[in-house]
Amino acid sequence: MGWLRDPARNPYLLRSFLLKRAPMPATHSTRMLILGSGPAGLSAAIYGARAGLSPIIVQGIQPGGQLTTTTDVENYPGFRDVIQGPWLMEEMQAQAEHVGAQMMWDHIVEVDFSRRPFRLIGDGGTIYSGDVVVIATGAQAKWLNIPSEEHFKGKGVSACATCVGFFYRGKKVAVIGGGNTAVEEALYLTNHSHDVTLIHRRDSFRAEKILQDRLFANPKINVLWNKAVDRFIGGGDPEGLVGLELRDTRDASISRLDVEGAFVAIGHSPATETFKGKLALDSDGYVEVETGSTRTSIPGVFACGDVMDKVYRQAVTAAGTGCMAALDAERYLAEAEFEASAAA
């Protein structure tokens, strides 16, 4: 019966032995915990650090946010020349760290907003505790997910006309989609292009009627109904987009459309899966905030950037709401501390 006391031979005793020897998960506590490291999260960190809140930033799955996948940026204030998205995010992070923010390479998988301090758990089991939480997890553009798409991102294929439309001045471009986003992108692109084609896989739009009326009244826009993009076609040296291979959704016939720019506008997915059932989300999954603020349905939890903004989705607006979130959080903590001292 000696095997009962031998961890090497008794699996139950071995498990207990290993659990006793396993290190306890690390715990990090802060007054301000920020989820996400795009323009919104880093701006919140800069303001939070300057207010003495010693913010911790959990960087998330995509450190730096969507700008790290954007090449040329020409509409961020303060830069006369075109800058690179990854460089801009590196500079923002360096500034946040310089004023005292701490960066953590982790992804939050579980949250407990039922009591303060709030308790969140990272992918590897690390525990994060924060007196306030700022959610800046962003949103991701939905893509077609066809083989050639990834290759031409930044080489003629984009998901944001207002971000890079300027570079297609005087060129033929296409927008893919049929909702509000697609129609708005097509209308915006007429500021730069005289030849915009909107490609939709069905025979009617989902967009609001007022947007459709504006679209049909614009002579610069042509609509291709019942067409789906099967392939992005490249050419030139250096290589760039030169056309689209289209498939008719009714008879499967193949055609080609020559364009130099294509904008995928089939919607965005906010990174809010972890927060479902934990705080109020709208019908599209975005975090709901009070009008004119970043306050969510949970006191002490704030949201900024694309995770709560499905209208503008710009780096500069994300940074602005990051500032708002930090100021809202600072005021919340000050009021809570005043009430606690008054009750003592």
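Read-outs: derived from the displayed coordinates by stated rules, not from any lab. Note that this is a predicted model, so its numbers are computed, not measured. Here Cβ is always computed from backbone atoms with ideal geometry, including for glycine, and neighbour counts include all displayed protein chains.
Some points to look at:
- Taking 7 Å steps out from each Cα toward its Cβ at GLU150 and SER54 produces label points 4.2 nm apart.
- Volume of the convex hull of the stretch 199-263 (Cα atoms only), normalised per residue: 93 Å³.
- Beta bridges by DSSP in the chain, antiparallel share as percent, to the nearest 5: 45
- Disulfide-incompatible cysteines by the Cβ rule (no partner under 4.7 Å) in the chain: CYS304, CYS323
- Scaling against 2.2 N^0.38 Å puts the C-alpha radius of gyration of the stretch 147-264 at 0.99.
- Calculated FRET value between ALA280 and ALA344, using beta carbons and R₀ = 25 Å, to 0.05: 0.15
- In this structure, the amide hydrogen of LYS171, modeled 1.01 Å from its nitrogen in the peptide plane, lies closer than 5 angstrom to those of HIS194, counting only residues at least 5 positions away or on a different chain.
- Radius of gyration (Cα atoms) of the chain, expressed as a multiple of 2.2 N^0.38 Å: 1.21.
- Residue order, fewest to most surrounding Cβ atoms within 10 angstrom, among ARG214, ARG250: ARG250, ARG214
- Using θ = phi - 60° in the Karplus curve 6.51 cos²θ - 1.76 cosθ + 1.60, the 3J(HN,Hα) couplings for the stretch 297-310 round to 6, 10, x, x, 10, 10, 9, 8, x, 5, 6, 10, 10, 9 Hz; x is entered for Gly and Pro.
- Note, ³J(HN,Hα) from phi for the stretch 75-81, Karplus 6.51, -1.76, 1.60, rounded to Hz, x at Gly and Pro: 10, 8, x, x, 10, 6, 9
- Charged neighbours of GLY125, selected by a Cβ distance under 12 Å, balance to -3 (K, R count +1; D, E count -1).
- Peptides ranked, highest mean first, by Cβ atoms within 10 Å: ranges 264-271, 32-39, 215-222: 32-39, 264-271, 215-222
- Residue pairs, from the table LYS172/LYS220; LYS171/LYS310; LYS220/LYS310; LYS172/LYS310; LYS172/LYS209; LYS276/LYS310, whose Cα atoms sit over 21 Å apart: LYS171/LYS310; LYS220/LYS310; LYS172/LYS310; LYS172/LYS209
- Efficiency of FRET from Cβ geometry, SER293 and GLU74, R₀ 30 Å, rounded to 0.05: 0.45
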